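Okay, so here's the structure we're looking at.
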Amino acid sequence: MIVFGKQSVCYILEYAPHLIEEIYFSKEIDKKLFSKFSKLSKPIIRLDNKKAQSLAKGGNHQGFFLKIASLEQSSFKEIKSMRKILVLCGITDTGNIGSIFRSAYCLGIEAIVLSGIKSFSIEGVLRSSVGAILQVPFCIFENPLDVINELRNEKFFLYGADMSGKDISQCNIADKYALFLGSEGSGLGGKILSKLDTILSIRMHNSFNSLNVAVAAGILMHRM
């Protein structure tokens, strides 16, 4: 798997160097930073601009690339043993998923379940989360209704996010919970909402109907 961009590359160097297989640069870099990469005893390869653009698929690579080992999903069994998790239902936008991972890591969420999808771009989320996906266990569990049943059996209190819900500032949050978040286009849907314990919302002061899902997720996580 190829990762590019200075911030993501340096994050992996700092926190997950065991994943690094090869190192690529397309420009001269700071000597101290180069020394850190050299100490890994991994191949360091110089790329020309054409090859760099090809690897980055037109993205902003800043001259920094890594080839890293594939990230392993956690088992759902492992995730069920935790106490604070997010369940993303049908969210596909790489930028939103990455932002949610980043906020989740900062705000103490222990794991993320991606549901209603079969796959997602781990490379893209690694970039957009600035490496936070390396720190938060995750798995894909396709059917959100099955996720609900499994988590209920493990005594999770199940929250959902929807504009029709109760203002989170008026809620007492359980110690062991899962927060379900839906896509911006269709939300969670009535079938899922009907099976959750409490629906939460964020009180709005002006006339906008909704927030970006990653922004809403961050606010809810902070208040929980």
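What to note about this one:
- When only the Cβ of Lys, Arg, Asp and Glu is charged (+1, +1, -1, -1), the dipole of the stretch 2-68 relative to its Cα centre reaches about 120 debye.
- Principal-axis tilt of helix 6-15 within the chain, Cα atoms, nearest 10 degrees: 80 degrees
- With the highest mean first, a sort of the peptides 156-163, 125-132, 179-186, 27-34 on other beta-carbon atoms found within 10 angstrom per residue produces 125-132, 156-163, 179-186, 27-34.
- Built amide H within the under 5 Å cut-off of Phe180, gap 5+: Val87, Tyr159, Gly160, Ala161
- Taking θ as phi - 60° and the Karplus parameters 6.51, -1.76 and 1.60, the scalar couplings of the stretch 126-131 work out to 4, 5, 6, 8, 6, x Hz in sequence order, x denoting glycine and proline.
- Taking the Cα centre of the stretch 1-152 as reference, the dipole from Cβ charges on Lys and Arg (+1) and Asp and Glu (-1) amounts to some 480 debye.
- Cα-based helix-to-principal-axis angle, 94-106 vs the chain, degrees rounded to 10: 80 degrees
- Equivalent-ellipsoid semi-axes of the stretch 76-223, from the Cα gyration tensor, Å, largest first: 21, 18, 15
- Alpha-carbon geometry of the stretch 14-73: the Rg and the Dmax are 12.0, 35 Å, given in that order.
- Taking every alpha-carbon pair under 8 Å whose residues sit at least 6 apart, the stretch 2-66 reaches a relative contact order of 55 percent.
- Relative contact order %, the chain, counting alpha carbon pairs below 8 Å whose residues are six or more apart: 20 percent
- In terms of its C-alpha gyration tensor, the stretch 1-44 comes out rounded, because the ratio a/c of the largest to the smallest axis stays below 1.5.
- Bridge type composition, the chain - antiparallel percent by DSSP, nearest 5: 25 percent
- Gyration tensor (alpha-carbon) shape descriptor, the stretch 76-154, a/c threshold 1.5: oblate
- Calculated from backbone phi, Karplus (6.51, -1.76, 1.60) coupling profile of the stretch 153-168 in Hz, x at Gly/Pro: 5, 8, 6, 6, 7, 9, 10, x, 10, 7, 4, 7, x, 7, 3, 4
- Only Lys, Arg, Asp and Glu carry charge here, each on its Cβ (+1 for the first two, -1 for the last two); on that basis the stretch 76-223 has a dipole of about 240 debye about its Cα centre.
- Protection proxy ranking, highest mean first, for peptides 10-23, 103-116: 103-116, 10-23, where packing is the per-residue count of other beta-carbon atoms within 10 Å, averaged.
All of the numbers you see were taken from the coordinates with simple rules; none came from a lab. Not measured: the values here are computed from a predicted model. As a convention, Cβ positions derive from the backbone with ideal geometry for all residues, glycine included, and neighbour counts pool all protein chains shown.
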